[in-house]
Amino acid sequence: MLILGIETSCDDTAVALVRDGRDVLASRVHSQTAVHEKFGGVVPEIAAREHLANISNLFRSTLDEAGIGEDAIDAIAVTQGPGLSGALLVGVSFAKGTALRLGVPLIPVHHVRAHAHGAFLGLSKPLLFPNLTLIVSGGHTSISRADSYTSFVDLAQTRDDACGECLDKVAIMYGLPYPGGPEIEKVANGGDPQSYAMPKFSRKGDLSFSYSGLKTHMLYLGRKLGSPVPDLSNVMASFQAAAFGQLVAKLAAALAGAPEVRSIVVAGGVAANKELRRQLLAEFDVPVLFPALRYCTDNAAMVAAYGFHIFTESPDQQRFQDHNWDIHVN
Ligand code: KG4
Ligand code: ZN
């Protein structure tokens, strides 16, 4: 089954063609980073306009890359939310129009859940369930337990900032470009993660994450060190270690409470980080799966893959003929 995926929840316009939730024929992303960079973050109105300007061409060029005509599309999966309202509206409107025109089913997809499916693209063996999924992106930091490709129980999320959001905000404080995660990764490389003391996170009680304390600590540390920061590599290595230490510890606590878990998936933009991958692989005995680097950050292949499972596992496929639904901002 060939699914067209469409993703416009934030600042990347993305279109992909994926067969049977696994084989990517083409996956194209038009990044808006250069447009938003000078503002130090995503400007929602500009993001929506950029999506509108680019989505039709991206759809055509994705078909060209796959070497197929639009008649080959069996269904369309689109990000329904969460995300920026204007941005979501562009993708959803384009998907609704195209589904009507081609007479194919339309599958609304949850963006955060879709991230996990980035890890299943191209996978030769089926995933082992139950599974623990850590999503760590610019907007979300959460752990859930999956019993199948489409059934999840949420176990934890962040009380305040997402991990990627914290990386992005701290990068701005230290004069590094947006988005901050990959820049901090570069600067931290070779630095000593023990050189600066960082606040301890709570290990008691529930599994929730918190990043606002670490962010504030970095603000005051930056003021103390002055500008330009003399020891930036060591500062960033220590900060990154603290940010990732919390992810590893909470995931370990979740696993300790669920000994039946047979695999772990870590996905979302921050999962592209090599140091985080190294720490996670060193920590756990159960297999840990990551998306290929290009499927960590926002893309439409993950949306198409998740859409495939939603559609094929649904007892009522007729419901995907209904286009009368709205975006979900949260
Ligand atoms: O999943 P994503 O593309 O968008 C959201 O759904 O939020 O994630 C974007 C986040 C940003 O915070 C960015 O700084 C972070 O992923 N990120 C990284 C790396 N690449 C992207 N963080 C750490 N290391 C990286 N290599
Ligand atoms: Zn995302």
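Every condition in (1) in contact with a helix residue (DSSP H, G or I) (Cβ under 9 Å, 6 or more places away or on another chain); (2) modelled with pLDDT of 95 or more is met by Ile68 except one, and the failing one is (1). Among the residues here, Ser195 does not qualify as out of contact with any helix residue (DSSP H, G or I) (no Cβ under 7 Å at 6 or more places or on another chain) and not in a helix (DSSP H, G or I). Checking Ala197, Ala156 one by one, the residue that is modelled with pLDDT of 95 or more, under 17 Å from the mean Cα position of the chain (by Cα) and away from ligand 1 (no atom under 14 Å from the Cβ) is Ala156 and no other.
Only one entry of Leu106, Leu63, Leu58, Leu52 meets the criterion of being without any contact (Cβ under 8 Å) to a residue 60 or more places away in the chain, over 21 Å from the mean Cα position of the chain (by Cα), crowded, with 17+ Cβ neighbours inside 10 Å and closer than 19 Å to Ser9 by Cβ, and that entry is Leu52. For region 233-252, taking the residues that are over 22 Å from the mean Cα position of the chain (by Cα) and buried (at least 17 other Cβ atoms within 10 Å of the Cβ), the one that is farthest from ligand 1 (Cβ to nearest atom) is identified as Asn234. Number of residues in region 99-112 that are away from ligand 1 (no atom under 12 Å from the Cβ) and in a helix (DSSP H, G or I): the value is 4.
Per the conditions (1) touching a residue at least 60 places away in the same chain (Cβ under 8 Å); (2) assigned to a helix (DSSP H, G or I), the sole criterion not satisfied by Ala249 is (1). So, Lys274, is that one touching a residue at least 60 places away in the same chain (Cβ under 8 Å), buried (at least 21 other Cβ atoms within 10 Å of the Cβ), among the basic types (Lys, Arg) and more than 16 Å from ligand 2 (Cβ to nearest atom) or not? Against the criterion (touching a residue at least 60 places away in the same chain (Cβ under 8 Å), buried (at least 21 other Cβ atoms within 10 Å of the Cβ), among the basic types (Lys, Arg) and more than 16 Å from ligand 2 (Cβ to nearest atom)), Lys274 does not qualify. Sort out which residues of region 216-232 are touching a residue at least 40 places away in the same chain (Cβ under 8 Å) and either in a loop (DSSP other than H, G, I, E, B) or in contact with a Lys or Arg (Cβ under 6 Å, 6 or more places away or on another chain) (or both), and write them in order of number. Ser227, Pro228, Val229, listed by residue number. Within region 277-294, track down each residue that is within 14 Å of ligand 2 (Cβ to nearest atom) and in a strand (DSSP E or B). Within region 277-294, no residue meets the criteria.
Conditions (1) within 16 Å of ligand 2 (Cβ to nearest atom); (2) farther than 23 Å from Ala271 by Cα; (3) among the acidic types (Asp, Glu), marked per residue:
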position: Ala75; (1), (2), (3): no, yes, no
position: Gln80; (1), (2), (3): yes, no, no
position: Gly86; (1), (2), (3): no, yes, no
position: Gly97; (1), (2), (3): no, yes, no
position: Val104; (1), (2), (3): no, yes, no
position: His110; (1), (2), (3): yes, no, no
position: Pro126; (1), (2), (3): no, no, no
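The values are calculated or read from the model by the stated rules, or taken from the named source; none is laboratory data. This structure is a prediction, so every number in the text was calculated from the model and none was measured. Every residue, glycine among them, receives a Cβ derived from its backbone with ideal geometry; neighbour counts consider all protein chains shown.
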